[in-house]
Amino acid sequence: MNTSGEAKTAGTILIRGARQLLTLQSRGSRGPRRGAELNDLGIIPDGAVLIRDGVVKELGPTRRVENLADARGALEVNAVGRVVMPGFVDSHTHLPFPPGVPSLDPGGAMRVVMTSSSKLLAGKTRLHLDAMARHGTTTTEAKSACGEDAADIKILRSVVSLKAVPIEVYPTYLMKLAGASESRNADGTPEVMRLIGEFLPRIRRRGLAVFADLEWEPEASLYPVFLRYLEAARELGLERKVQDRHPSPTGSVRAAVENGALSIDHLCRHDSLEMSLLARSSTLVTLLPSTMLFGGGTAAPARELVQGGVAVAIGSNYNPLESPILSMQTVIWLACRHLKLTPAEAISAATINGAHALGVAEKTGSLERGKSADLLLLNMGDYRELGHRLGANAVHVTMKRGEFIYREGKVGPPPGKG
């Protein structure tokens, strides 16, 4: 997989004068944030960040950082009046699928995938990634979701083939089981066992996925099959994820926690036993507030999860057909408006906890010495505006590993009036 790591860095850069520098620095535990920690953004008024070779070298009050010997001769970026913060980490998307039009049903969309070239799929995905970078996302994942071997392989290959894309992309294989439930038994159908025994190892050998995701179904007879899938993924060295949007407990939470899944997504219920399991584990719940707009989904019990000590992330659930929101700014607004998160909680969930949901928090998701310089300059003077503003892109600059991957353009006069 090729990511923005191949780009050359801009040497030494000093971003100075930020009205609010949101660092989200760790203050103890290196695990995901939970409870009251979500509201601690590590704000430095009049803050500065010194970047060298794509990595955060130093950060703190502007007066101190700009007087460091390492800051001499640095390229200066004036952030006066602006919020500077980590880039968004979108940990749940369906970016590559499908490249069609909104009128397509899932079956028609899969046919479009099968009749499209990998080059076309990759080109469409690149356009989505460019738009995400303009809106402040610096790290994301991309799921296959066809439920058909050839289509899933084509989608994953299109993601892996991307060269010099602006943001970092982690491909995910999502297993969706099709067919009547009565055809399955405790050992799983031959098709399911083939996916576990043959298809998953093939994906791993070809380096087509970092994550093995699973769309959970509530049938009790499928529980052993799902456990085998998660165990097989772990044995292959693939990180695990689970999706469960059912309103009643299904066993998915226990399976996710016991198999070390990074996250369980789409969770829309409040069960005390499951809450206790999650609160004692490192498995995050990824909240997807856009589902309330496009899927008629039930609102996730976000406040109960936060108050119960469960670590939460938020993702866009971007799908060109079913959930066409790729701006994490909008997702933060939705999380504040509909899930009742505070702006600070939503920002933590969209940055450092999103990074934990992808297993990359040691290198991104916060601004700390030694971490990748993935950051944003926003056209606002207070971070709380993210929970209030809707419909306008607030990003002035997006940086990935110290590279300017997006700069806000100027609006010019009409032709002939310049």
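Bear in mind that the values in this text are calculations on the coordinates, not laboratory data. Keep in mind it's a predicted model, so treat the numbers as computed, not measured. Here the Cβ is made from the backbone with ideal geometry for all residues, glycine too, and neighbour counts use every protein chain on show.
Some values worked out for this structure:
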| quantity | calculated |
| --- | --- |
| Sequence-distant residues sharing a close amide H with Glu76 (under 5 Å, placed H) | Leu14 |
| Kirkwood Rh in Å, taken over all unlike Cα pairs in the stretch 309-411 | 14.6 |
| Using θ = phi - 60° and Karplus 6.51 cos²θ - 1.76 cosθ + 1.60, couplings along the stretch 358-370 (whole Hz; Gly, Pro as x) | 10, x, 10, 5, 6, 10, 8, x, 8, 9, 9, 4, x |
| Backbone HN-Hα couplings from phi across the stretch 260-269 [Karplus 6.51/-1.76/1.60, Hz, Gly and Pro as x] | x, 4, 5, 7, 10, 10, 6, 4, 10, 10 |
| Ascending count of other beta-carbon atoms within 10 Å, so fewest first, for Lys119, Lys176, Lys410, Lys241 | Lys410, Lys119, Lys176, Lys241 |
| Three-way shape call for the stretch 234-369 based on the alpha-carbon gyration tensor, with the a/c threshold at 1.5 | rounded |
| Listed peptides 213-222, 305-314 by packing density, highest first (mean Cβ within 10 Å) | 305-314, 213-222 |
| Ser282 versus Glu58: modelled label distance in nm, points set 7 Å from Cα along the beta carbon direction | 3.2 |
| Nearby lysines by direct alpha-carbon distance to Lys371 (threshold 16 angstrom, same-chain neighbours under 8 apart not counted) | Lys57, Lys363, Lys400 |
| Simple Cβ-charge dipole of the stretch 12-103, Lys/Arg +1 and Asp/Glu -1, about Cα centre, in debye nearest 20 | 200 |
| For Glu58, distant residues with modelled amide H under 5 Å away | Leu50 |
| Potential lengthening between Glu362 and Glu219 on full extension [0.36 nm per residue; Cα-Cα distance subtracted] | 47.8 nm |
| Per-peptide average of other Cβ atoms within 10 Å, ordering 359-366, 70-77 highest first | 359-366, 70-77 |
| Mean Cα-pair separation over length for the stretch 88-357, i.e. relative contact order, pairs under 8 Å, 6 or more apart, % | 20 |
| The stretch 78-85 - phi-based ³J(HN,Hα) in whole Hz, Karplus 6.51/-1.76/1.60, Gly and Pro as x | 7, 10, 4, x, 10, 8, 10, 8 |
| Shape call, the stretch 281-329: gyration tensor on alpha carbons, a/c limit 1.5 | prolate |
| The stretch 88-357: translational diffusion in µm²/s, Stokes-Einstein, Kirkwood Rh over Cα pairs, 4 °C, 1.567 mPa s | 70 |
| His94, His356 arranged by Cβ crowding within 10 Å, fewest neighbours leading | His94, His356 |
| Cβ charges +1 (Lys, Arg) and -1 (Asp, Glu), total dipole of the chain, debye | 1240 |
| Positive-end residue of Leu358, Val257, Leu386, charge dipole of the chain with Cβ unit charges | Leu386 |
| Nonlocal amide H pairs with His396, under 5 Å, H built at 1.01 Å | Leu377, Leu378, Asn379 |
| Computed [θ] at 222 nm, helices only, for the chain once each DSSP H run of length n ≥ 4 contributes -39500 (n - 2.57) | -8000 deg cm²/dmol |
